[in-house]
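The values are calculated or read from the model by the stated rules, or taken from the named source; none is laboratory data. All of these numbers come straight from a predicted model, not from anything done at the bench. Virtual Cβ from ideal backbone geometry, glycine too; neighbours counted across all protein chains shown. All accessible areas refer to the heavy atoms of the entire protein, side chains included, with ligands and DNA or RNA removed. Shrake-Rupley method; radii C 1.70, N 1.55, O 1.52, S 1.80 Å.
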Amino acid sequence: MPIKTIFLDRDGVINKEISYLHKIDDFKFIDGIFKTCLYFQNLGYRIIIITNQSGISRGYYTESDYQKLTQWMLEQFKCKNVNILDVFHCPHGPDSTCNCRKPKPGMFLKAKAIYNINMEDSWMIGDMEADVKAANSAGILNTILVRSGHKIDESNSNARFILDAIQQSQQIITT
């Protein structure tokens with residue numbers, strides 16, 4: 001049976017935006033992220049994190065650094081009773097020809113294939129237009145951009161909703 005999913009970008013949505021974040025000491029969760037994720041779970045959504053991590057290909061940090069931070073982050077969610085189904089990341093740089101780097105849909109399509117996700121009933125919450133474009137290309141039309149990360153060109157955005165904070169998505173996603 002297909003599942004419905006909330007896809008979350010990491011930097012700027014889950015944690016405060018810091019360029020090339022790779023140290024646990026620098027990781028600061030966005031206010032309300034745990035409460036909002038619990039709300040999504042209570043509605044029957046599964047949560048998957050989809051994140052570009054070009055700092056790996058740029059040599060700012062290693063795959064091992066990324067994995068260590070990710071495991072720590074997942075433990076923090078688990079301590080708050082939030083189950084993150086999976087985390088997909090693209091380690092490639094912006095000039096890569098890979099299919100996984102947002103705005104390409106590769107990470108979404110991989111998640112769909114692994115978990116039998118109903119993309120029409122799923123949502124993407126990001127902080128950049130690339131998040132919206134990738135989601136749309138993968139068949140997800142329900143998109144939210146939050147103003148807690150990168151600056152958003154709101155007049156040219158394809159996002160269905162643009163919100164100040166992730167907590168406000170609880171007023172939008174109700175079933």
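Quick notes on this one:
- Simple Cβ-charge dipole of the chain, Lys/Arg +1 and Asp/Glu -1, about Cα centre, in debye nearest 20: 300 debye
- Computed on the stretch 23-151, with alpha-carbon pairs under 8 angstrom and 6+ residues apart, the relative contact order is 20 percent.
- Here is the tail figure for the stretch 104-151: Cα pairs spaced more than 17 Å apart come to 28 percent of all pairs.
- Kirkwood radius and radius of gyration were both taken over the C-alpha atoms of the stretch 21-123, and their ratio Rg/Rh is 0.97.
- The lysine pair count for the chain, using Cα distances under 12 Å and pairs eight or more places apart or on different chains, is 6.
- The stretch 11-84-the stretch 96-138 distance, computed between alpha-carbon centres (Å): 17 Å
- From the Kirkwood radius over Cα pairs of the chain, Stokes-Einstein at 10 °C and 1.306 mPa s returns a whole-number translational diffusion coefficient of 99 µm²/s.
- With both labels modelled 7 Å from their Cα along Cα-to-Cβ, the residue 115 to residue 41 distance reads 1.3 nm.
- Helix content alone sets the calculated 222 nm mean residue ellipticity of the chain: runs of n ≥ 4 DSSP H residues at -39500 (n - 2.57) each, divided across all residues, give -8000 deg cm²/dmol.
- Between the listed residues 123, 140, 97, the Cα displaced farthest toward the positive end of the dipole of the stretch 93-175, a dipole computed from Cβ unit charges relative to the Cα centre, is found at 97.
- The accessible area of residue 128, taken with all protein chains in place and a 1.4 Å probe, comes to roughly 80 Å².
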